[in-house]
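J.: The structure follows.
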Amino acid sequence: MYLALLELKAARGRFLLMGCVVLLVAALVGIVSGFTTGLGDDTVSALRRLPATHLAFSPDAKSDQFARSLVPADTLTGWQQRPGVRATPLGVAITRGTTDRHTEVDLAAFGVEPGSFLDPGAAEGQRLGGEDQLVISRKLADEGVAIGDTLTVDRLGIALKVTGITDRASYGHVPAGYTTLGTWQRIRFTTPGAKTPAAELPQQYSAIALRAASAADLAAADRELGTRTVALTDAYAAAPGYTGERVTMTSIQFFLYLIAPLVVGAFFGVWTVQRQPELALLRAMGASRRRLLGHTLAQAAAVVLGGTLAGAALASAVGLLVGAEVPFSLPASTLTTTMGAVALAALAGAALTLRRVATADPMTMLGAGR
Amino acid sequence: MTSLTLRGITVSLGHGDARTPVLRNVDAACRPGVLTALVGPSGSGKSTLLAVAGALLRPDSGQVLLGGTDLAALGDGERARARRERIGYMFQSGNLLGGLTAVEQLLAAASVAGRPAGRLRAAAEAALTEVGLGHRLRHRADRLSGGERQRVALARALFLEPELLLIDEPTAAVDREQAGALTELIARTATARGCAALVATHDPVVVDAAGATISM
């Protein structure tokens, strides 16, 4: 180890340079992870918070189901009569509104039945109690909407009284707000600019939220009731832009994980070639292959771990700086996992050079080898 | 006091049909406390014999006896152990570790041998002072002259008090004046330490200073 430290000190410029490269790769992976998680949360956190196991859509909605699917009330009744299944209607619609204090906000209106298992409750103020009430997510409160405000839906003129605040939730990058199904149906089915409200609104919902003990009977119920049921996690793909974002961000991460070992491997490859005479000298002096491999790995570990830790700190700092402005979320568990993966990938790259270390020929130190 | 005895050393180098005999049934001996010159024309096998004597190369046949141990009969791991614990090397042009100071060259050798290098700094400084480099202790290898690098290499080779000192063309990269001083230093220190010392050389200055000669 002493020898490894001596070499690190002697070639500190090169190792520092490599450490900086690892730092930047690690920071980039951390930042991309932060955006991946943040964008994912911003797109589907309201869906993640739904305490349902499955969602049943109308079968004609093949994509963007929350916007396209309309499930009639009698289908809901059918589901509610299925044994082993709890069912409650869910409405989802993206709109925008302005408060009486002139705060303009986008709103993902979630229509739920008060008291049902989808009722989000309220961390502050009062939970959903009746028509034209709105329980907003913390994100809307951060944007300036407060309990007691009246939020008027643009172009529809529907006035919603903000009664409570619940946990942070959003859908399609729009902060969520919870209202009754009747109010949601008015938002969803009222024609913009209509002089008078519709006499009778369709008794339809975006989906039916299910809590099923087992998925075994759901297919049979789908066939009988004319719905298409998916697991809640699969329903995330129905959120606008979710799949595209995930594919994009995951692709970037994938290539970064490919780049990390190649960059580190290339550095240690060049470093190993450059110090072949010294490795041969150490072998001639009696250093065992195991010892040389050990101290090469120790050097790689020092550079990789130092660079990764600094990269993690940089990614966290970026998160702190931009977290309020853009969807960025880098919890400790995600940071630890991604940085661990970067370190492993980088060490794997360094390990690619070990064969050259092990095969350094001490005979090259003598005239016979030249 | 340990002597080196080489008996019936035969070595061929290369692979397959290109395998060429380099040493054929060579006998040689190296007494403790005596600088022995290994001389011969280029290609005569001096460096190969030095490699065999230093457990860097296993002969096809023959014995390499160092204080009763046949180095040729040892496995790779045991030969590496013999190299780090019993043999000191001084290679052509010094062959120092890049970026390390003169003192660190000796501490690196101690580290390779598994000694507590961190606690041997004073001893390393004393060893360098003994070869006339007390004023160059913290100079990096690339800041030293050819002669100074050879002195560092000599100090490193002797630092762990080896039983056998092997030296390859010590004066090849230094001028005449330095060659004389370096040769005198090698002969003096090898004699004083009482170790067997074998030096492969073309240089008459070294041959003249040697107490014995092996001709190839």
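We did not get these values from a lab; they are worked out from the coordinates using the rules stated. Bear in mind that the values here come from a model prediction, so they are computed numbers and not experimental data. Here the Cβ positions follow ideal geometry from the backbone for every residue, glycine too, while neighbour counts run over all protein chains shown.
J.: Using +1 at the C-beta of Lys and Arg and -1 at the C-beta of Asp and Glu, which of A:Gln133, A:Gly286, A:Ala237 has the Cα lying farthest in the positive direction of the dipole of the protein assembly as shown?
T.: Sorting the options by dipole projection puts first A:Gly286.
J.: Going Cα to Cα from A:Lys9, which aspartates and glutamates come in below 14 Å? Please leave out same-chain ones fewer than 8 positions away.
T.: B:Glu104
J.: Which distance in Å, rounded to a whole number, links the C-alpha centroids of region A:123-159 and region A:281-358?
T.: Spelled out, the Cα-based centre of one part sits 48 Å from the other.
J.: If you wrap a convex hull around the Cα atoms of region A:87-211, how much volume per residue is inside, in Å³?
T.: Values: hull volume 12.3 nm³, N = 125.
Per residue, the Cα convex hull of region A:87-211 comes to 98 Å³.
J.: Can you check how the C-alpha radius of gyration of region B:153-216 compares to 2.2 N^0.38 Å, as a plain ratio? Could you put the intermediate results ahead of the total?
T.: Working: Rg = 11.1 Å, N = 64, 2.2 N^0.38 = 10.7 Å.
Here the answer is 1.04, to two decimals.
J.: Moving on. May I have the pair-distance distribution P(r) for region A:164-280, computed from all Cα-Cα distances with 5 Å bins from 0 and rounded to whole percent?
T.: 2, 7, 9, 11, 12, 12, 10, 7, 6, 5, 4, 4, 4, 3, 2, 1, 1, 0, 0
J.: Sticking with this structure for a sec: Between region B:173-190 and region A:169-242, how far is it from one alpha carbon centroid to the other, in angstrom?
T.: That distance is 93 Å.
J.: Next question. Which whole-number value in Å³ per residue fits the convex hull of the alpha carbons of region B:76-169? Spell out each step's value before the answer.
T.: Details: hull volume 8.6 nm³, N = 94.
So the per-residue hull volume is 91 Å³.
J.: Enumerate the aspartates and glutamates that A:Lys62 could reach by cross-link, defined here as Cα to Cα under 14 Å, with residues fewer than 8 away along the same chain left out.
T.: A:Asp234
J.: Next question. Run lengths n ≥ 4 of DSSP H only: what is the helix-derived mean residue ellipticity at 222 nm for chain B, with -39500 (n - 2.57) per run over all residues, to the nearest 500? Don't skip to the answer; put the middle values down first.
T.: On the way: 7 runs with 78 residues, N = 216.
Helices in chain B give a 222 nm mean residue ellipticity of -11000 deg cm²/dmol.
J.: If we count every other residue with Cβ under 10 angstrom of B:Gln105's Cβ, Lys/Arg +1 and Asp/Glu -1, where does the sum land? Working shown, then result.
T.: Values: positive: B:Arg140, B:Arg149, B:Arg156; negative: B:Glu104.
Its environment carries a net charge of +2.
J.: Based on the inverse mean of 1/r over its pairs of different Cα atoms, what is the Kirkwood hydrodynamic radius of chain B, in Å?
T.: On the way: mean 1/r = 0.0573 Å⁻¹.
By the Kirkwood definition, the hydrodynamic radius is 17.4 Å.
J.: Placing +1 on the Cβ of each Lys and Arg and -1 on the Cβ of each Asp and Glu in the protein assembly as shown, which of A:Leu218, A:Trp271, B:Ser12 has its Cα farthest towards the positive end of the resulting dipole?
T.: The residue sitting farthest along the positive end of the dipole is B:Ser12.
J.: If you don't mind, another one. With no solvent and one point per C-alpha, what does the Debye sum give as log10 I(q)/I(0) for region A:302-370 at q = 0.12, 0.20, 0.26 Å⁻¹?
T.: Debye curve over Cα of region A:302-370, log10 I(q)/I(0) at q = 0.12, 0.20, 0.26 Å⁻¹: -0.51, -0.86, -1.09.
J.: Still on this structure, please answer the following. For region A:232-316, just run the numbers: alpha carbon Rg, then divide by 2.2 N^0.38 Å, N being how many residues it has. Numbers along the way, then the final one.
T.: Working: Rg = 20.7 Å, N = 85, 2.2 N^0.38 = 11.9 Å.
My calculation over the Cα atoms of region A:232-316 gives 1.74.
J.: Treat the count of other C-beta atoms within 10 Å as a stand-in for reagent exposure and order A:Trp184, A:Trp79 from fewest to most. Present the calculation step by step, with values, prior to reporting the outcome.
T.: On the way: A:Trp184 23, A:Trp79 26.
If I rank by nearby Cβ atoms, fewest first, I get A:Trp184, A:Trp79.
J.: Please work out the Cα convex hull volume for region B:66-110 and give it in Å³ per residue.
T.: Numbers: hull volume 4.4 nm³, N = 45.
Measuring per residue, one finds 98 Å³ for the Cα hull of region B:66-110.
J.: Pairing the Cα long axis of helix A:332-351 with the longest principal axis of chain A, what angle in degrees results, from 0 to 90 and rounded to the nearest 10?
T.: 30 degrees
J.: Mind pulling the angle between the C-alpha long axis of helix A:289-322 and the longest principal axis of chain A? Nearest 10 degrees, somewhere in 0 to 90.
T.: Roughly 30 degrees between the two axes.
J.: Between region A:63-84 and region B:125-154, what is the C-alpha centre distance in whole Å?
T.: 87 Å
J.: To two decimal places, what compactness ratio does region A:3-97 give when its Cα radius of gyration is scaled by 2.2 N^0.38 Å? Working shown, then result.
T.: Values: Rg = 25.9 Å, N = 95, 2.2 N^0.38 = 12.4 Å.
Against the empirical 2.2 N^0.38 Å value, I get 2.09 for region A:3-97.
J.: Another question, if that's okay. Using the Kirkwood radius over Cα pairs, work out the Stokes-Einstein diffusion coefficient for region B:100-216 at 10 °C and 1.306 mPa s, in µm²/s as a whole number.
T.: Details: Rh = 14.6 Å.
After rounding, the answer is 109 µm²/s.
J.: Something else about it: What is the pair-distance distribution P(r) of chain A, computed from all Cα-Cα distances in 10 Å bins starting at 0, with each bin given as a whole percent?
T.: Calculated P(r), rounded to whole percents: 5, 20, 21, 17, 12, 10, 8, 5, 2, 0, 0.
J.: In addition: Dipole of chain B, Cα-centred, from +1 at each Lys and Arg C-beta and -1 at each Asp and Glu C-beta, to the nearest 20 debye?
T.: Values: 24 positive and 21 negative charges, 105 e Å.
Computed about the Cα centre, the dipole is about 500 debye.
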